[in-house]
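The values are calculated or read from the model by the stated rules, or taken from the named source; none is laboratory data. Because the structure is predicted, anything quoted here is derived from the model rather than measured. Heads up, the Cβs are rebuilt from the backbone with ideal geometry, glycines too, and the neighbour counts pull from every protein chain shown. To get the accessible areas, we keep the full protein, side chains included, count just its heavy atoms, and leave off ligands, DNA and RNA. Shrake-Rupley method; radii C 1.70, N 1.55, O 1.52, S 1.80 Å.
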Amino acid sequence: MRGPGGGRNPVPRRDPRSSPDQGVPQPGRPPRGRAGPPSVQDNKDYERITARGVLAVIALGAAAVIALWWYTTPDISGFGGWLTGAGEILGLLAGYGVVVLVALMARLPPLERGIGTDQLARWHAMGGRYVVCLVVAHGLLILWGYALEAHTTVVSETATLLTQYPDVLMATVAGFLLLGVGIISMRAVRRRVRYETWYYLHLYTYLAIALAFSHQFAVGQSFINNLAARFWWSAMYLTVAVLVLWYRVMVPLRAFTRHEYTVIGVKSEGPGVISVYIGGKHLDELAAEPGQFFRWRFLTRSLWWSSHPYSLSAAPGTDVLRITAKDIGDHSQALSRLRPGTRVIAEGPYGAFTAGRSGRGVLLLAGGVGITPLRAMFSTLPGPVTLIYRASSEQDIVFREELDAIAAARGATVYYLVGSRAEIGGDPLSPKMLRSLVPGLEQQEAYVCGPPGMISAAVEALRAAGVPRRQIHFESFEF
Ligand SMILES: Cc1cc2nc3c(=O)[nH]c(=O)nc-3n(C[C@H](O)[C@H](O)[C@H](O)COP(=O)(O)OP(=O)(O)OC[C@H]3O[C@@H](n4cnc5c(N)ncnc54)[C@H](O)[C@@H]3O)c2cc1C
């Protein structure tokens, strides 16, 4: 263990055009493109308000869907009628739910900035489970209800529905596609498939939505004789489709031509860790903040087809951005082979893991390559900052010189907690250890980034050490 970390290394001179800050501290410097940073509290209030607002809008939408069913459904009679009615409500909610799920992933800036990509992804995953259940229940209840009403068996009613009802066959295929996507997204299954396999299979959701759309109007009780309902329902689907196209396709392409992102260099930071410097024009317009990430698509023969998220590992400059990656798989390994001049499509900035001016001190807690966004924040956060960097070996520590230089210049403290528990002499993230390293810990804003296990342990330890939940912020490198 070592600390405080500042004071030994000379501070390199800084050319303002050659940003990002490469080890040069700029304490209190506001992020570019803004009049000044919001306070941490402002950020968190904004996140809370945005999250509550979005959930309220989703709930209102669901209430409107139930109202639509209520006003467009004639009197229900018999058990079969109730089953059919229940199946219709669930179908309507599923039709609405898929639109919400897609909207959450449409990369809408207010949601990305106000709620954060990882939170949106969690909502999307949870909502996805509900929607798949709604779809399955919708199909089963409708089948059963129709069969009872027609005084026939479920098997024969299935055949009738698939062959004689318009668009129901397509909708059934869509239902199975959604079920398949739901199954491969289950944690136990997802762990066994490659990320790319899961991702591309997941895109079949769009096909499922397209296939299922028409049966809603062709056989849906709420739409058949209701032009206004058909209009508003279509408008909802169309709006979200346009938003997806705009934010997931057009905006990145526009940014590609406007900013002309190009790799300008690759630097080894240690065993298996490299930094990629990406040059570009008008980068101040991005208003990117330390702590945020982009999705990077490097236009080489082997990498162009996939985009991967990497955080900025230095405060964004006016003409250079830096990311730092640990080679854990195909993509991260291939980054070391990037050549200067490679064009890049960058989507972002994304993420709500950002901070600003705060009356409180700040604790940055990094595990492994989770240092990247914290490194960017370390040089720009105003006020007293302590950085605790957990690594399994000395070689795994990246940016040591930069961190020491920043610490020295801003009078901050860096602790390197290196090695196994036995070597360190106890649990490095125990509440007791954290309290001993950071005086007044419970008053601090804590930012945690690292592997999922380390994040949960750190959050638990911080809570046990008396840090209120609202003062703990974390970024997971897994969606
Ligand atoms: C918000 C965020 C910021 C990140 N910042 C950094 C960083 O600064 N430095 C760093 O080294 N790593 C970072 N990562 C992790 C990095 O994205 C993955 O390590 C990388 O994509 C792995 O790809 P691979 O092909 O090398 O490995 P693989 O073996 O294919 O993937 C390993 C794991 O990485 C994740 N992953 C893979 N591809 C993607 C993808 N396209 N989108 C999302 N997750 C994916 C999956 O959880 C997968 O299980 C970040 C991840 C997120 C979500």
Selection status of R230, open to solvent by 30 Å² or more (accessible area, probe 1.4 Å), charged (D, E, K, R) and in contact (Cβ under 8 Å) with a residue 24 or more places away in the chain: no
Inside the range 414-435, the number of residues satisfying the requirement of being buried (at least 18 other Cβ atoms within 10 Å of the Cβ), of a type outside the set (A, V, I, L, M, F, W, C) and out of contact with any helix residue (DSSP H, G or I) (no Cβ under 6 Å at 6 or more places or on another chain) is 2
Need pairs with beta-carbon distance below 7 Å; first residue touching a residue at least 12 places away in the same chain (Cβ under 8 Å) and part of a helix (DSSP H, G or I) and within the range 63-74, second among the small types (G, A, S) and surrounded by 10 or more Cβ atoms within 10 Å (Cβ to Cβ); sequence gap 6+ or separate chains. L68/S222; L68/A229; W69/S222; T72/S222; T72/A229
Quick one: what pairs do we get from the range 462-479, first residue within 21 Å of P439 (Cα to Cα), second open to solvent by 80 Å² or more (accessible area, probe 1.4 Å) and away from the ligand (no atom under 16 Å from the Cβ), C-beta under 6 Å, 6+ apart or different chains? A465/R435
Need the failing condition index for T172 against (1) within 16 Å of the ligand (Cβ to nearest atom); (2) open to solvent by less than 60 Å² (accessible area, probe 1.4 Å), just the number. (1)
Give, as residue ranges, the helices (runs of 4 or more DSSP H) completely inside the range 359-448 that count at least 3 residues that are in contact with a Leu (Cβ under 6 Å, 6 or more places away or on another chain), of a type outside the set (V, I, T) and within 16 Å of the ligand (Cβ to nearest atom). 371-378
When you go through (1) open to solvent by 70 Å² or more (accessible area, probe 1.4 Å); (2) in contact (Cβ under 8 Å) with a residue 60 or more places away in the chain one by one for K281, which number turns out not to apply? (2)
Filtering the range 311-326 for residues that are assigned to a loop (DSSP other than H, G, I, E, B), of a type outside the set (A, V, I, L, M) and either within 11 Å of the ligand (Cβ to nearest atom) or crowded, with 24+ Cβ neighbours inside 10 Å (or both) leaves a count of 3
Please state which one of E269, E196 is in a helix (DSSP H, G or I), open to solvent by less than 40 Å² (accessible area, probe 1.4 Å) and within 16 Å of the ligand (Cβ to nearest atom). E196
Tell me the residue from L83, L141 that is touching a helix residue (DSSP H, G or I) at 6+ places or on another chain (Cβ under 7 Å) and open to solvent by less than 30 Å² (accessible area, probe 1.4 Å), please. L83
Please pick out the residue among I142, I209, I224, I184 that is more than 15 Å from Y96 (Cβ to Cβ) and modelled with pLDDT of 95 or more. I142
If S332 satisfies every condition in (1) part of a helix (DSSP H, G or I); (2) modelled with pLDDT of 95 or more; (3) within 6 Å of the ligand (Cβ to nearest atom); (4) not basic (K, R) but one, which is the exception? (2)
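Looking only at the range 294-310, how many residues end up being near the ligand (Cβ under 10 Å from one of its atoms), over 19 Å from the mean Cα position of the chain (by Cα) and in contact (Cβ under 8 Å) with a residue 40 or more places away in the chain?
So the answer is 0.
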Considering only residues that are within 21 Å of G270 (Cα to Cα) and either open to solvent by 10 Å² or more (accessible area, probe 1.4 Å) or away from the ligand (no atom under 11 Å from the Cβ) (or both), which ones fall in the range 335-351? S336, R337, L338, R339, P340
Take A241 and tell me if it is closer than 21 Å to A314 by Cα, among the small types (G, A, S) and under 22 Å from the mean Cα position of the chain (by Cα). no
